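Structure first, then comments.
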Amino acid sequence: MKKAIMILSIILTLLMILPVLSRVNNTNETKNVLVIHSYHKGLSWTDEFQRGIEEELQLDHVEIMVEYMDCYRYHHPSYYEELFNFYLQKYNHDKIDVVIITDNNAYDFLKLYHDQLFVDVPIVFAGVNNFTKEDLFHENITGIVQNAYQEEMINLILSLDKDIDTILLSGSNSATAIADAEVLIRVGESKYKSIRFDSMLTETFEEQIEAIKLYGTEVAIIASGTMRDKNGIFLDHTMFSSRLIEETGKPVYAMATAYIVEGGAIGGVAADSYVDGKIAANYAAMILKGKAISELPIIEDPKAYNIFDYNRLKQFNIDMDMLPEDSIILNGPSMKLLVDKKHVNLVVIVIVLMGILIIGFIANSIRQKKAERIIMETKRKLRQNNFELEASNKFLLDSKEKLNKQFDELAEKNAHIEFLAYYDSLTRLMKRDMLCNTLSEIIEANNRESFCIYDIDIINLKTINDTYGHDIGNEVLSSIAKKLASCYKGDDFLFGAHHSEFIVVDFSVIDIEEMIARAQEFISCIKSDFKIKNKEIELEIGIGISGYPIHGKDATSLLKNANIALLEANKNGKNTVCLYQEIFYDNIMNRLNLEKQLKMALVNEEFELFYQPKIDTNNCDIVGCEALIRWHHPDGSLVFPGKFIDIAEESGLIIDIGEWVIMQACRQIKEWKAMGIHLTVSVNVSARQLIGSSILDVVKNAISTYNIDPKLLELEITESVMMQDIGRNAKIMDELKKLNIGIALDDFGTGYSSMSYIKELPLTKLKIDKSFIDNIEEKAQREIIKSIIVLGQALNFIINIEGVERAEQFKILQEYKADEVQGFLFSKAIPKDEIPKFIESFNHNFKHLY
């Protein structure tokens, strides 16, 4: 008998497995099915949907992609729009063959964005309640409706407890709960006049409990949706219904299995998300195999199940004989058999047959005692083997569960890593490399005859970061990304981000005039009413433009040329637009070549210091020189600093060149001292030297190396350099002044020109710019220069006047008692070897004239 049962079991098992093994997908093309769940992973209702879908879609060449909208936890007004932008970027280049959506939020989402995201893609829905055919938003849609079985639920509750006088629907202010409440009250009040029907929809669980306590004792509750407590902790279906029972002591029913299967609610007339998921997946499989969606009708009256929890029935003293005949009892004791009335005859027959079998077994056992002992021993061994197999199976199941969890966590991390690899985490736009690859694919596919690339730079982002903080700077970038995406939607635009730059690809423009006009639109769009945390932020924008195919025939060249155009635009000031030209590239290559030559100039000792004498206006003595660098170019020309200092500054070579100048100046001071010439030598210091290196260490090293008197060395710093970081620079100058070297403020009068800040700086000298004496014959100009001299000397500054070219200028400056002058009237900058001859000639031929 047992062998027959075993053989029969094996045959039945094979019959169940063979259909699965026989499935063959008739195409090798991979089909993509996108599943969008309204709620989050880990919610049993949603997980059962996914389990049913995956079990049914075990087909070759079918890939299932899953998205969780998580609408129970995230439901702010702009959430759908944020999801839309995310899905648009993520699936913009993927071919989706079927979309399966579960529950109302996903349905409402696609109702808004179907045409932008998945136009003409078949849609299969499941778990959508309170549905009518007027809700269909597209002809290419079908699915299974989740009915809310309010009338059946009311009949069930009243059949189990005749004393109930009030039925409440309890839930949050979600769309599902509101719809369920409206139907319950409408159906109940129309058919049950003696029963009170009401809804209790609140924001928090605690508010729910306080409201329910106001009702009487004969109350039954129907749970709908999920809740959060006052601390914001999310309560899933089971926890919500369990806590309702614990806190109110009232019977709680539900219309979905998620509330019941894990011991939450008592029970109810419930839909099963696992079954609905399988049905929806079956529809999707038929669509993938070529069946028209019009041949798959919407299932408007799916089967519901009378499901109850054994322990909750006992808790509320509900007699199981009162349950409907087809009821399913969950979580009952493993050794107790629960049957309904229609199976009584079958049970009697089974008992009779068992009696006959027992009698036969006793008779047979008397005759076959030896065989019995063999059988018993065999059974013992089988039991032992079975026990070991069960233990192994439990271990494997536990291991599988752990591995599945680890796999899910790893998949989430990999998805996050993949996102970070291709998308900017701040703006959520494509990174430059990703955008470059996308453009390359478009060019290779020959889908577009022309398009335009805009490289948009926020020129003053560093100033914004320094002024308001990096958090505000980050919000500026994020806000700009959102503005661009909202102003320019659709297939005609691609967006990318790179540091402080935004890259926009526009497929709609067709000529240069439109390119320029669109760039001006971008500036207006970004700058319009730009506020961060109620702060008005003034943005300075530069835009470089390149067009396909006129400025490049591959993505890399187009992006590079747009950036080259941007660099040119930024040179021309804020809010400037510049279209790429070949000459821009030539300029950059020339600058790079010059930078390379400058590096070799240091190595090959091609630099030389020239010296322009400074004259004391009181006694006409030569009191010092300004060291000015010259470059003996390999082509034989003498290059002045105006041709190469800016490039040295930008490239950072100014650090090494500046250190060389200071060392050479100190060396010259020592050489002249040995010749009996005691002159102060001044050296110009750049912004990069103050920021990028330790100027203090360089000066100390030079003074120490050549053992000179520090008073004979003077550093000149321009107003503009000083004001870049006046606090930091003032501290550096204070340390330098402690070494007893001179500190001169160069080009005074061309910048801020405020005595109020200058008097606080550790300066020894003011160098007045040449522009103040060009028209010194005019009375107003004389009064200005006279006032500057008087004020500067009152603050104990030595006053040096630059650019003296005429004798009349020198006489007036002598009259106004300026301390020292320099200019072409006396000498241009000359090589070091000519200084001794100049001093002798000056003292003999010029000094006596004044």
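Subtracting the Cα-Cα distance of Glu81 and Glu536 from their residue separation scaled by 0.36 nm leaves 161.3 nm. The modelled label-to-label distance between Ser756 and Ser479, using points 7 Å beyond Cα along the C-beta direction, is 3.0 nm. The residue list Ile541, Tyr72, Ser637 was ranked by how far each Cα lies along the charge dipole of the chain toward its positive end, using unit charges on Cβ atoms, and Tyr72 comes out on top. Using all pairs of distinct alpha-carbon atoms, the Kirkwood hydrodynamic radius of region 31-146 works out to 14.5 angstrom. For Val128, the residues 5 or more places off, or on other chains, whose built amide H falls under 5 Å of its own are Asp103, Gln146. Gain on full extension, evaluated as 0.36 nm per residue between Ile510 and Lys314 minus their Cα-Cα distance, stands at 62.9 nm.
Per residue, the accessible area of region 605-846 comes to 46 Å² when a 1.4 Å probe rolls over the protein heavy atoms. Applying a DSSP loop filter and a limit of 15 other Cβ atoms within 10 Å to the trypsin sites (Lys or Arg not before Pro) in region 499-567 leaves Lys533, Lys553.
Atom-type composition of the exposed protein surface of region 623-722 places 53 percent of the accessible area on carbon and sulfur (1.4 angstrom probe).
In a simple Cβ point-charge model (Lys, Arg +1; Asp, Glu -1; nothing else charged), the chain has a dipole of about 2960 debye relative to its Cα centre.
Loop-located trypsin sites (Lys or Arg not before Pro) in region 801-850 (DSSP state other than H, G, I, E, B) with a sparse environment of at most 12 neighbouring Cβ atoms within 10 Å: Lys828. At the residue level, Glu538 shows approximately 120 square angstrom of accessible surface with a 1.4 angstrom probe and all protein chains present. Rounded to the nearest 0.05, the FRET efficiency derived from the C-beta distance between Asn843 and Met600 at R0 = 51 Å is 0.80.
Gyration tensor analysis over the Cα atoms of region 787-845 returns equivalent ellipsoid semi-axes of 25, 13, 10 Å (largest first, whole Å).
Between Ile328 and Arg728, the simple spin-label model (points 7 angstrom out along Cα→Cβ) gives 7.0 nm.
Using a cutoff of 8 angstrom between alpha carbon atoms and counting only pairs six or more residues apart, the relative contact order for the chain works out to 6 percent.
Placing unit charges on the Cβ atoms of the charged side chains and taking the dipole of region 605-846 about its Cα centre, the candidate lying farthest along the positive direction among Asn684, Ala780, Ala829 is Ala780. Taking every Cα-Cα distance in region 752-827 and sorting them into 10 Å bins starting at zero, the pair-distance distribution P(r) comes out as 19, 55, 24, 2 percent.
About its Cα centre, region 103-216 has a charge dipole of approximately 360 debye under the convention of +1 per Lys or Arg Cβ and -1 per Asp or Glu Cβ, with nothing else charged. Remark: the Ser450-Ala179 segment gains 92.5 nm on full extension, using 0.36 nm per residue and subtracting the alpha carbon distance.
Relative contact order for region 105-164: 30 percent, from Cα pairs under 8 Å spaced at least 6 residues apart, divided by residue count. With the cut-off at 31 Å, tell me which of the pairs Lys489/Lys553; Lys599/Lys700; Lys291/Lys394; Lys770/Lys832; Lys90/Lys111; Lys111/Lys213 have Cα atoms farther apart than that. Pairs exceeding 31 Å: Lys291/Lys394; Lys111/Lys213.
The C-alpha atoms of the chain define a longest principal axis, and helix 779-794 lies at about 80 degrees to it.
Here the simple spin-label model places points 7 Å from the Cα toward Cβ, and for Asp161 and Lys489 these points are separated by 4.9 nm. Reported to the nearest whole Å, the Cα centre-to-centre distance from region 508-545 to region 56-123 is 32.
Taking amide H as placed 1.01 Å from N in the peptide plane, the amide H of Ile195 sits under 5 Å from none that are at least 5 places away or on another chain. So if I average 1/r over every pair of distinct C-alpha atoms in region 605-846 and take the inverse, what Kirkwood radius in Å does that give? Its Kirkwood hydrodynamic radius stands at 18.5 Å.
With Rh defined as the Kirkwood radius, the inverse of the mean 1/r over Cα pairs, the Rg/Rh of region 442-483 is 1.27. Calculated on the alpha-carbon coordinates, the convex hull of the chain measures out at 293 cubic angstrom per residue.
Legend: Rg and Dmax of region 432-580, from Cα coordinates, 15.0, 47 Å.
Rounded to whole numbers, the Karplus 3J(HN,Hα) couplings from phi for region 543-549 are 10, x, 10, 9, x, 9, x Hz, using 6.51 cos²θ - 1.76 cosθ + 1.60 with θ = phi - 60°, and x at Gly and Pro. Ordering Phe502, Ser38, Pro710 by the projection of their Cα atoms onto the charge dipole of the chain, which places +1 on the Cβ of Lys and Arg and -1 on the Cβ of Asp and Glu, puts Ser38 at the extreme positive end.
Charge dipole (Cα centre; +1 on Lys/Arg Cβ, -1 on Asp/Glu Cβ; no other charges) of region 31-146 amounts to roughly 160 debye. Given a Förster radius of 45 Å and the C-beta distance between Asp115 and Tyr192 as r, what FRET efficiency does 1/(1 + (r/R0)^6) yield to the nearest 0.05? So, using R0 = 45 Å, E works out to roughly 0.55.
Normalised by 2.2 N^0.38 Å, with N the number of residues, the alpha-carbon radius of gyration of region 565-618 equals 1.91. Considering only alpha-carbon pairs that sit under 8 angstrom and 6 or more positions apart, the relative contact order computed for region 432-580 is 32 percent. When you filter the trypsin sites (Lys or Arg not before Pro) in region 675-749 for DSSP loop state and at most 14 other Cβ atoms inside 10 Å of their Cβ, you are left with Lys738.
Under a 5 Å amide H cut-off, with hydrogens placed 1.01 Å from N, Val62 pairs with Lys31 among residues at least 5 apart or on other chains.
The values are calculated or read from the model by the stated rules, or taken from the named source; none is laboratory data. These numbers come from a predicted model, not from an experiment. Because the Cβ atoms are built from the backbone with ideal geometry, glycine has one as well, and the counts that use them run over all protein chains shown. These area figures cover heavy atoms from the full protein model, side chains too; ligands, DNA and RNA do not enter into them. Shrake-Rupley method; radii C 1.70, N 1.55, O 1.52, S 1.80 Å.
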